[in-house]
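What follows is one structure encoded as structure tokens, with my remarks underneath.
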Amino acid sequence: MRGWVIDLRLNGGGNLWPMLLGAAPLLGEGPVMATVVAGKGEIESRYGVTREHGAWIDWGRGLETQLALEDGVAERSWEPRGRAEPIAVVLGPWTMSSGEALAIAMASSRGARTFGEPTAGLTTITNVFPLSDGSMLILPVSQMAGVDGKVVSGRLTPDVVVEFSGWPEAGDSASEAARRWVAERINASSGAGGAGGGG
């Protein structure tokens, strides 16, 4: 592989831990994002992946495994941090919640370039508070942040905004822009210059 295009436009959220494990060999070992206490700007926790702990969270007391790797997976090839191969992530309004968290992890820890349309903006972390009558109150308690603690507020706006009409398709304008950028980066790094041209 010389470059990646990862389309998160239909990632509507859910459990983040399997997503991090699925992307672990590409993310590389270590922290990939953080959460910040709402209104205070203090890093509350960090999320990451390692061979030993799988997908983990660290509240400042050490790594706590949230989902472990299957036997044998840890021995497979993982990309080192700081690798040169380009990663493009395609976003859209159906990219929500933990789908947005995965995009943050890719951009924050691997320097991915994002394409497409703004995401849904569900970038808070919520807690459930049981009430005396048996009902539940769900409130946002912290915000998603990059691995450096830089807070994400609301929607993620792509680095390169490219509108796509209707349902996301593999050959639509946003996908093509992402692929073109990856190809350009590969050509530039291999010294291919302008061979192949194209616009």
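Yes/no matrix, rows are residues, columns are (1) under 16 Å from SER108 (Cα atoms); (2) surrounded by 22 or more Cβ atoms within 10 Å (Cβ to Cβ); (3) without any contact (Cβ under 8 Å) to a residue 24 or more places away in the chain; (4) of a type in the set (A, V, I, L, M):
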position	(1), (2), (3), (4)
GLY12	no, no, no, no
ASN15	no, no, no, no
GLY22	no, no, yes, no
LEU26	yes, no, no, yes
LYS40	no, no, yes, no
TYR47	yes, yes, no, no
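Filter the stretch 151-188 for residues that are among the acidic types (Asp, Glu) and not in a loop (DSSP other than H, G, I, E, B); which is nearest to PHE115 (Cα to Cα)?
The selected residue is GLU176.
Evaluate the stretch 136-151: report whether one residue or more is without any contact (Cβ under 8 Å) to a residue 60 or more places away in the chain and under 13 Å from the mean Cα position of the chain (by Cα).
Looking through the stretch 136-151, none of the residues is without any contact (Cβ under 8 Å) to a residue 60 or more places away in the chain and under 13 Å from the mean Cα position of the chain (by Cα).
Considering only residues of the stretch 112-132 that are assigned to a loop (DSSP other than H, G, I, E, B) and either farther than 16 Å from VAL152 by Cβ or free of Cβ contacts under 8 Å to residues at least 24 places away in the same chain (or both), which is nearest to the chain's Cα centre (by Cα)?
Across the stretch 112-132, the extreme among qualifying residues is GLU117.
Failed condition for SER142, given (1) assigned to a strand (DSSP E or B); (2) closer than 20 Å to LEU10 by Cα; (3) not aromatic (Phe, Trp, Tyr), with all others met?
(2)
Among the numbered criteria (1) more than 15 Å from ALA34 (Cα to Cα); (2) polar (S, T, N, Q); (3) at pLDDT 90 or above, which single criterion is violated by THR124?
Every condition holds for THR124 apart from (1).
Please note which strands (runs of 3 or more DSSP E) are completely contained in the stretch 1-106 and include at least 2 residues that are of a type in the set (Val, Ile, Thr) and either at pLDDT below 95 or over 12 Å from the mean Cα position of the chain (by Cα) (or both).
Because the criterion is at least 2 residues that are of a type in the set (Val, Ile, Thr) and either at pLDDT below 95 or over 12 Å from the mean Cα position of the chain (by Cα) (or both), the strands (runs of 3 or more DSSP E) in the stretch 1-106 that meet it are 30-37, 43-50.
For the stretch 165-185, check the following and say yes or no: at least one residue is surrounded by fewer than 17 Cβ atoms within 10 Å (Cβ to Cβ), in contact with a strand residue (DSSP E or B) (Cβ under 7 Å, 6 or more places away or on another chain) and modelled with pLDDT of 95 or more.
no
The values are calculated or read from the model by the stated rules, or taken from the named source; none is laboratory data. This structure is a prediction, so every number in the text was calculated from the model and none was measured. Backbone-built Cβ (ideal geometry, glycine too); neighbour counts: all protein chains shown.
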